Ligand code: SF4
Ligand code: SF4
């Protein structure tokens, strides 16, 4: 079990390996250098990689393609590029929004059964 402290609560995480976070309706953005790393891992050229596995997201760069099952790299509930998955996936569920807002945390908890939280206990003699 992992945990990270947010203001007023601590977010806990114990992944059940269900793959549900890769099935939710959303976008996985490719950060600087991530495209190249995944391309090399898959041994495909840039043209093929972009065509098969990514979509352009307005002016914000590229995102991983979604298919009927969710992320195109989710196969039988496993990430087939796990070793080189993007930072957005690596840092889940400790995203800035989740660490700032209980509403965002509750949204993540609605689809990820591995995520939870506990509230801070005030010290007995706290002012
Ligand atoms: S939804 Fe949560 S428990 Fe399931 S694989 Fe994703 S992180 Fe793990
Ligand atoms: S890249 Fe892997 S971990 Fe990230 S959403 Fe796709 S299947 Fe899930």
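So for segment 64-83 (the condition being more than 19 Å from the chain's Cα centre (by Cα) and surrounded by 13 or more Cβ atoms within 10 Å (Cβ to Cβ)), does at least one residue qualify?
No, that holds for no residue.
Look at segment 1-14 and say how many of its residues are modelled with pLDDT of 95 or more and out of contact with any strand residue (DSSP E or B) (no Cβ under 9 Å at 6 or more places or on another chain).
Summing the residues that are modelled with pLDDT of 95 or more and out of contact with any strand residue (DSSP E or B) (no Cβ under 9 Å at 6 or more places or on another chain) in segment 1-14 gives 0.
Would you point out which residue out of 5, 51 is out of contact with any helix residue (DSSP H, G or I) (no Cβ under 8 Å at 6 or more places or on another chain), part of a helix (DSSP H, G or I) and free of Cβ contacts under 8 Å to residues at least 12 places away in the same chain?
51
Mind checking whether some residue in segment 80-87 is within 11 Å of ligand 2 (Cβ to nearest atom), assigned to a loop (DSSP other than H, G, I, E, B) and under 30 Å from residue 7 (Cβ atoms)?
Scanning segment 80-87, I find at least one residue that is within 11 Å of ligand 2 (Cβ to nearest atom), assigned to a loop (DSSP other than H, G, I, E, B) and under 30 Å from residue 7 (Cβ atoms), so the answer is yes.
I'm trying to understand the selection: among the residues of segment 104-117, which are in a helix (DSSP H, G or I) and touching a helix residue (DSSP H, G or I) at 6+ places or on another chain (Cβ under 9 Å)?
Of everything in segment 104-117, those that are in a helix (DSSP H, G or I) and touching a helix residue (DSSP H, G or I) at 6+ places or on another chain (Cβ under 9 Å) turn out to be 104, 105, 107, 108, 111.
The values are calculated or read from the model by the stated rules, or taken from the named source; none is laboratory data. Predicted model, so just to flag it, every value in this text is computed and none were measured. Every residue, glycine as well, gets a Cβ built from its backbone with ideal geometry; the counts of neighbours run over all protein chains shown.
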